[in-house]
Amino acid sequence: MAWLPDWMHAGFLAQLALFVLHLLVAARAITRPGRTPASRAAWVAVIMLMPLLGVVAYLLLGETSIGRERVRRLREVEARMPRPEDAAAPIDGIDRCSVELFALGRSINGLRPVGGNRIELLGAPGSTPDDPTADCNAAIETLVADIAQAREQVHISFYIWLDDDNGGRVADAVAAAARRGVRCRVMVDALGSRAFTRSPRWAQLREAGARVLATLDDVPRLGHLAVGRVDLRNHRKIVVIDNRIAYCGSQNCADPAFRVEARFAPWIDILLRCEGPIVRQLQYIFLVSWIAETGEREAEGLPSAAPAPQSFADGAVAQMFGTGPTTPWNAMSDMFVAGIYAARAELVVTTPYFVPDEALLRALCAAPRRGVATTLVFPSRNNSRLVGGVCRSCYPDLLDSGVAVYEYPLGLLHTKSLTADGEIALVGSANMDRRSLQLNYENNLLVADRAVAAAIRRRQQGYLSVSHPVAPASVRAWPFGARLVRNAMGMLSPVL
């Protein structure tokens with residue numbers, strides 16, 4: 001480069017380096033394993049149209065690595081930790097669609113469907129759709145009562161735990177259990193529960209003898225620079241008591257008033273109380289994460305520990321599965337899609353965050369054309385403007401396909417539920433958005449039982465009874481500006 005003036009050498013080299021980095025990042029966006037074609041196209045568009053900003057955005061949001069060392073620990077724990085070996089469910093008693101769903105679920109964690117479970121949808125007796133907080137508070141009351149009776153261990157994992165009335169009552173119950181010799185292990189997400197981990201309650205739990213862990217408090221780094229998504233979270237909601245009782249659902253450990261985002265309150269949730277062989281599967285999901293994070297090995301035998309959980313005659317057939325960035329690609333999306341296609345007459349779905357991938361949206365749009373009465377219920381106001389915009393960008397496709405869309409007006413409908421034909425239910429922590437489908441650690445419960453599905457369907461009907469239908473004419477009347485913004489948000493959804 002002798003022909004260049006000296007003062008231009010540095011600038012030329014810097015531009016060349018940026019150009020090479022630009023190409024390398026675009027190539028990585030195209031070749032990264034597990035990425036959908038829509039995501040590849042969206043990322044390449046962002047990187048090419050905004051070279052410097054796009055590269056930075058990709059480095060911060062485009063990768064889903066939680067660190068090679070963490071992945072190695074998880075793989076080692078999964079390989080050596082025995083899975084619960086309860087007798088397989090009597091699959092002759094359930095239909096072919098349920099058998100196929102359970103087979104898909106087993107491919108995720110290797111956990112089989114098990115029968116003989118008692119699964120109860122928690123709520124307040126006599127509660128009405130106009131008082132949506134009663135069920136959430138009643139669920140916490142039942143949880144606190146069970147913790148008070150614990151004799152051996154209490155294992156808890158929540159994404160958000162707040163130091164409010166409900167959160168404080170659970171913390172007090174866990175601390176009391178630890179003081180009487182119960183082995184208590186408490187795992188929260190470092191971001192979702194960051195205020196709680198800095199509060200006196202966290203110190204109270206530790207001083208009482210509970211083992212506490214704020215997980216995913218680190219991200220992969222290159223020196224001091226974070227590389228990859230900094231918002232990969234443990235979004236699971238699991239409680240296991242004495243290897244005998246377990247809880248799962250959408251509910252965090254907090255008041256429905258949810259004071260950190262009170263203007264969207266109340267948070268409306270669902271929580272299931274489980275007894276029977278399924279408890280061991282929730283225990284397994286919890287302990288794999290706990291042991292991988294803490295290195296504690298003394299708890300490895302607990303999911304298969306004797307005595308076995310009680311089995312109930314004519315109990316529900318159920319299966320727990322957990323997903324995340326270290327499980328098979330698109331496992332949660334595959335389960336949702338399979339659940340949708342399992343419906344033959346009726347499908348009802350509630351979810352607060354709807355940012356579907358292509359497979360999920362197409363499955364929902366195809367359901368009415370197969371003769372399935374399909375109903376979706378979303379909150380009318382969302383605490384994420386971006387997610388709300390993407391959700392509404394899907395309304396034209398859904399409505400044109402014959403899907404009935406409703407908006408719930410009494411708070412943030414946080415319940416994540418799917419029922420099919422009054423026979424199958426899928427409930428848990430996972431939303432129908434990219435975060436839950438690919439990024440976060442989630443846990444969902446699949447149940448094939450008419451009584452359980454009917455209870456969840458009644459709760460869904462309570463939401464529907466106070467919700468407002470979205471009329472196709474009103475969507476067609478959206479002004480051009482609103483359609484432009486919402487569709488632009490939808491185009492960017494694969495990179496969220």
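Here are the numbers for this structure:
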item	result
Pairs, first on the phi < 0 side of the Ramachandran plot in region 89-103, second modelled with pLDDT under 80 and part of a helix (DSSP H, G or I), C-beta under 7 Å, six or more apart	Val99/Ile91
Inter-residue pairs, beta-carbon under 7 Å, first closer than 16 Å to Ala254 by Cβ and in region 189-208, second of a type in the set (Lys, Arg), 6+ apart	Asp189/Arg233; Leu191/Arg233; Gly192/Arg233
Scan of region 256-272 for residues that are closer than 20 Å to Asn431 by Cα and of a type in the set (D, E, K, R), ordered by number	Glu261, Asp269
Phe354 being under 29 Å from Arg385 (Cα atoms), modelled with pLDDT of 95 or more and in contact with a Cys (Cβ under 6 Å, 6 or more places away or on another chain)	yes
Residues of region 360-376 that turn out to be more than 16 Å from Lys416 (Cβ to Cβ) and assigned to a helix (DSSP H, G or I), as a count	8
Identity of the residue in region 486-496, touching a residue at least 60 places away in the same chain (Cβ under 8 Å) and over 30 Å from Thr326 (Cβ atoms), that ends up surrounded by the most Cβ atoms within 10 Å (Cβ to Cβ)	Arg486
Residue count for region 290-303, restricted to those that are open to solvent by 20 Å² or more (accessible area, probe 1.4 Å) and under 20 Å from Leu445 (Cβ atoms)	1
Every pair of residues 6+ apart whose Cβ atoms lie under 7 Å, when the first sits in region 472-485 and is at positive phi while the second is in a loop (DSSP other than H, G, I, E, B) and surrounded by fewer than 14 Cβ atoms within 10 Å (Cβ to Cβ)	none
Helices (runs of 4 or more DSSP H) contained entirely in region 147-224, each with at least 2 residues that are among the charged types (D, E, K, R), at pLDDT 95 or above and open to solvent by 40 Å² or more (accessible area, probe 1.4 Å)	165-179, 200-208
Selected residue (criterion: farthest from Leu272 (Cα to Cα)) from residues of region 129-146 that are open to solvent by 20 Å² or more (accessible area, probe 1.4 Å) and β-branched (Val, Ile, Thr)	Thr133
Extreme residue, nearest to Cys248 (Cα to Cα), among residues of region 104-124 that are part of a strand (DSSP E or B) and among the charged types (D, E, K, R)	Glu120
Cross-chain or 6+ apart pairs with Cβ under 7 Å, region 254-276 first and over 15 Å from Leu121 (Cα atoms), then in a loop (DSSP other than H, G, I, E, B) and among the basic types (Lys, Arg)	Phe264/Arg381
Residue that is modelled with the lowest pLDDT [pool: residues in region 264-300 that are among the acidic types (Asp, Glu) and either assigned to a helix (DSSP H, G or I) or over 25 Å from Asp164 (Cβ atoms) (or both)]	Glu300
Any chance Leu418 is farther than 20 Å from Gly324 by Cβ and within 17 Å of the chain's Cα centre (by Cα)	no
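The values are calculated or read from the model by the stated rules, or taken from the named source; none is laboratory data. Being a predicted model, the structure only gives us computed values, none of them experimental. Note that we place each Cβ from the backbone using ideal geometry, even for glycine, and neighbour counts take in every protein chain shown. With ligands, DNA and RNA removed, areas are computed over all heavy atoms of the protein, side chains included. Shrake-Rupley method; radii C 1.70, N 1.55, O 1.52, S 1.80 Å.
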